[in-house]
Amino acid sequence: MSQQVFFQPGDGGWVGDVIPFQHDGEFWLFYLHELREDPKPGTAWHLVTTKDLTQFVDHGVSLPHGTPDEPDFNAYTGSVVLDDHGVHHLFYTGQNPHRLGADGLPLQLVMHATSLDGMKTWAKLRNLTFGAPEGFESADWRDPFVFRDPDGLWRMLVAARHSDGPERRRGVIAQFVSRNLMHWSEAEPFWDPRRYIMHECPDVFQWGEWWYLVYSEFSDSFTTRYRMAQSPDGPWTVPDLDTIDGRAFYASKSAERDGRRFFFGWIASKEGAADDGAWQWAGTLAVLEARQNDDGTLAFGFADELVESFWDDIPLQFDVPLPARLGTPDGYGALVSHEDLPGQFYARAVFAIDAGTTECGLLLRASDDGDESYVLRLEPKRGRLVFDRWPRRATGTGQWEISGDVPFEIELERPCPLPPGEHTLEVIVDGDACVAVVDRRVALSTRIYDRTAGRLGAFVGEGSAALESLVVRKRTDN
């Protein structure tokens, strides 16, 4: 039995927002434990730890949620910091569906707890609870993120909404400051772009000469984005590729170790465990490593530790030996392995793409002839990576009843520079979770439910490319 790549608790629960904290080289990954039960139980913080990003230890409940009468019946997202005296401070969102704010919606509050061990024993400081001040909506006041600026001032960022303005553009990151983590004073908003409904799960860090602001938005793309500045006071600029991943990887927050920066989020599940199911809140935990480009922008890919955990080669046979050149100026050509792939694997394909090529990529869980499969498609002319499948959604038996007018799986495309030359496409599949990375720069996560087995293929459409190398590996069975 292979170890899971993407952590999910073994009690039938799901991983919601992840709150990462690095302690002596070990990542403490607090997360919102989602139980899809009706009536819904309260939400608690659970804790999973990892030293190598490949093996996870589940510690169960860390911060219990409150009783049905208390304001933190749902203990939602926040942050953890360590003060100069060795005390851990946990700031979180308290919400109870029976406690309504001035707008008639469930009230959200910023709450505070402290601990000496930082893992299991938390004292809730209920007298330090506070809600939204005048000018902000009381039902959207969440995800407190606390960090220390270069002057030693503690800053708390709160995902909030203005009480007036266009409905979809009231999102603002409110700000409070403190010298002792106990008493907070309201300051000018940290960021107020009037751009989205909300800027959930804010995260701020410094890396070299650059500061980064990370947030998740559900107005346009349901994705995590980042901004850059030369100081924590801005002005914040928009990088050309400003997203961490796509639609299926949400609420990503980061932690640093040994000069490296890792982003932890969740890959959303789908209703009915089906490809056509609607995206759900919460899923399985996944990690991407950020790499800093020369201009300060960020690239995202797999951590080396994760790739190196797949070391047992899977031999595959094709009709022609590899490396191989695929080319058809106005058609389509593919190579498909003779063998099915296991349910968990890592693959790395290096393509040398010729100028003018429309598409190339990998087929996952493909039929013998490659006509049916999941598809990771590089589109150089459009500068993007997309996830696709064939057949797409079918409403009947006729060809006209298949969604062939949809160019790919909606919401699963990523901007991706693909000039002529070599490009590396990596993919990790673990059951129904799939993550692809191009050139250690662009990541795309998704779910693959309906096709549970099949072969690996490579293809080219309308152009030519050489499949210069192909490596497929698995983890050694326990």
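Answer with yes or no whether Ser221 is in contact with a Gly (Cβ under 9 Å, 6 or more places away or on another chain), touching a residue at least 40 places away in the same chain (Cβ under 8 Å) and within 23 Å of Ala75 (Cβ to Cβ). Quick ask: steps written out before the conclusion?
Details: in contact with a Gly (Cβ under 9 Å, 6 or more places away or on another chain): yes; touching a residue at least 40 places away in the same chain (Cβ under 8 Å): yes; within 23 Å of Ala75 (Cβ to Cβ): no.
The answer is no for Ser221.
Restricting attention to the stretch 229-253, and to residues there that are outside any loop (DSSP other than H, G, I, E, B) and open to solvent by 10 Å² or more (accessible area, probe 1.4 Å), which single residue is nearest to Leu47 (Cα to Cα)? Before you say what the answer is, go through the steps one by one.
Step one: list which residues in the stretch 229-253 are outside any loop (DSSP other than H, G, I, E, B), which gives 229, 237, 243, 249-253.
Filter once more, so that each one left must be open to solvent by 10 Å² or more (accessible area, probe 1.4 Å): 237, 243, 250.
Details: Thr237: 34, Thr243: 27, Tyr250: 18 Å.
Looking at the filtered set, the residue picked out is Tyr250.
Sort out which residues of the stretch 433-476 are more than 24 Å from Pro415 (Cα to Cα) and either within 25 Å of the chain's Cα centre (by Cα) or not in a strand (DSSP E or B) (or both), and write them in order of number. The answer is Tyr449, Asp450, Arg451, Thr452, Ala453, Gly454, Val472, Arg473, Lys474, Arg475, Thr476. Has the stretch 345-361 got any residue that is without any contact (Cβ under 8 Å) to a residue 60 or more places away in the chain, of a type in the set (Asp, Glu), in a strand (DSSP E or B) and surrounded by 13 or more Cβ atoms within 10 Å (Cβ to Cβ)? For the stretch 345-361, residues without any contact (Cβ under 8 Å) to a residue 60 or more places away in the chain, of a type in the set (Asp, Glu), in a strand (DSSP E or B) and surrounded by 13 or more Cβ atoms within 10 Å (Cβ to Cβ): absent.
Here the condition is being open to solvent by less than 20 Å² (accessible area, probe 1.4 Å), without any contact (Cβ under 8 Å) to a residue 60 or more places away in the chain and either among the hydrophobic types (A, V, I, L, M, F, W, C) or in a loop (DSSP other than H, G, I, E, B) (or both); of Pro9, Pro71, it holds for Pro9 alone.
Looking only at residues in the stretch 267-277 that are hydrophobic (A, V, I, L, M, F, W, C) and either open to solvent by 50 Å² or more (accessible area, probe 1.4 Å) or under 20 Å from Phe30 (Cα atoms) (or both), the one that is nearest to the chain's Cα centre (by Cα) is Ile267.
For every residue, the table says whether it meets (1) under 21 Å from the mean Cα position of the chain (by Cα); (2) of a type in the set (Lys, Arg); (3) surrounded by 14 or more Cβ atoms within 10 Å (Cβ to Cβ).
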residue: Arg168; (1), (2), (3): no, yes, no
residue: Ala174; (1), (2), (3): no, no, yes
residue: Arg179; (1), (2), (3): no, yes, no
residue: Glu188; (1), (2), (3): no, no, no
residue: Glu200; (1), (2), (3): yes, no, yes
residue: Phe205; (1), (2), (3): yes, no, yes
residue: Gly208; (1), (2), (3): no, no, no
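The values are calculated or read from the model by the stated rules, or taken from the named source; none is laboratory data. Since we're looking at a predicted model, the values are computed, not measured. Note that we place each Cβ from the backbone using ideal geometry, even for glycine, and neighbour counts take in every protein chain shown. To get the accessible areas, we keep the full protein, side chains included, count just its heavy atoms, and leave off ligands, DNA and RNA. Shrake-Rupley method; radii C 1.70, N 1.55, O 1.52, S 1.80 Å.
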